[in-house]
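Have a look at the structure below before the remarks.
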Amino acid sequence: MDTSIKSGSEEHTVMLGVSIGSVLSPGDVVCLEGELGTGKTVLVKGIARGLGHEGPVTSPTFTIIHTYPDARLCHVDAYRLEGARDLVSVGIDDFLDGGWVCAVEWADRVRPALPERALRVRFSFGPGEDDRVLEVSATGEWDGRLGALLEELTDHGR
Ligand SMILES: Nc1ncnc2c1ncn2[C@@H]1O[C@H](COP(=O)(O)OP(=O)(O)OP(=O)(O)O)[C@@H](O)[C@H]1O
Ligand SMILES: [Mg+2]
């Protein structure tokens, strides 16, 4: 299943993230892909909120991993990593196996270190300055909550 959603503002993307966060369970992985400045971190702000995090979410560009224990969310930015081995070195397996939701920016750089089963969001720029397109798809086995989520996102993206 592959759904294409349009976002017209930063707030809109946060809202899409809240919807995604609301259906995620411990152990789920969200792979975020797309050029610099397309909105991956903005979406994670919403995901964190949907998982129950209150407070700011900042880009883990320099620290690689930020954790939000109140939401049991691990937020990774793989931009500065050379490859999958680097992600293992910074301890990703503790989170993947430890009942955290992991949201990984630039996941395409480190895919072999991540499980096959993942929700994938690929971002691109739209025609206007604040327009973005989010292509949401999933790999591996998911239960009914994914279909419901995609339907909800499609409604929000109209
Ligand atoms: N529709 C939109 N959705 C998300 N962000 C938007 C939108 N319109 C404008 N923006 C702006 O685009 C920028 C997105 O920045 P963000 O840090 O989320 O990108 P990123 O994909 O995480 O980049 P990086 O690869 O550098 O981590 C923000 O400055 C935000 O205000
Ligand atoms: Mg980012």
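The values are calculated or read from the model by the stated rules, or taken from the named source; none is laboratory data. All values derive from a computational prediction rather than experimental measurement. So basically every Cβ, Gly included, is an ideal-geometry build from the backbone, and we count neighbours across all protein chains shown. SASA here: full protein model, heavy atoms, side chains in, ligands and nucleic acids out. Shrake-Rupley method; radii C 1.70, N 1.55, O 1.52, S 1.80 Å.
How big is D for region 75-145, in µm² s⁻¹ as a whole number, if Stokes-Einstein is applied with the Kirkwood radius of its Cα pairs at 25 °C and 0.890 mPa s?
The Stokes-Einstein estimate is 180 µm²/s.
Determine the calculated [θ] at 222 nm for the chain from helices alone, applying -39500 (n - 2.57) to every DSSP H run no shorter than 4 residues and normalising by the residue count; nearest 500 deg cm²/dmol.
-9000 deg cm²/dmol
How long is the gain from Asp155 to Glu116 if the chain were fully straight, where each residue apart is worth 0.36 nm and the alpha carbon distance is subtracted?
Extra length from Asp155 to Glu116 when fully extended: 11.3 nm.
On average, how much accessible surface per residue is there in region 2-156, in Å², for a 1.4 Å probe, leaving out ligands, DNA and RNA?
47
If ligands, DNA and RNA are left out, what is the accessible area of Ser89 with a 1.4 Å probe, given in Å² to the nearest 10?
The accessible area comes out at roughly 100 Å².
Compute the length gained on full extension between Asp94 and Leu146: take 0.36 nm times their separation in residues and subtract their Cα-Cα distance, giving the result in nm to one decimal.
16.2 nm
How much accessible area does Val18 have with a 1.4 Å probe, in Å² rounded to the nearest 10?
40
Relative contact order (percent) for region 2-156, with alpha-carbon contacts under 8 angstrom and 6 or more residues of separation?
34
On a full-extension model of 0.36 nm per residue, what is the gain between Tyr79 and Ser9, subtracting their alpha-carbon distance, rounded to one decimal in nm?
Working it through step by step, the gained length comes to 22.8 nm.
How are the alpha carbon pair distances in the chain distributed across 10 Å bins from zero to the largest one, expressed in percent?
Calculated over all Cα pairs of the chain, the distribution is 11, 45, 36, 7, 0 percent.
Treating only the Cβ atoms of Lys and Arg (+1) and Asp and Glu (-1) as charged, compute the dipole magnitude of the chain about its Cα centre; round to the nearest 20 debye.
Working: 15 positive and 26 negative charges, 17 e Å.
That gives the chain a dipole magnitude of about 80 debye.
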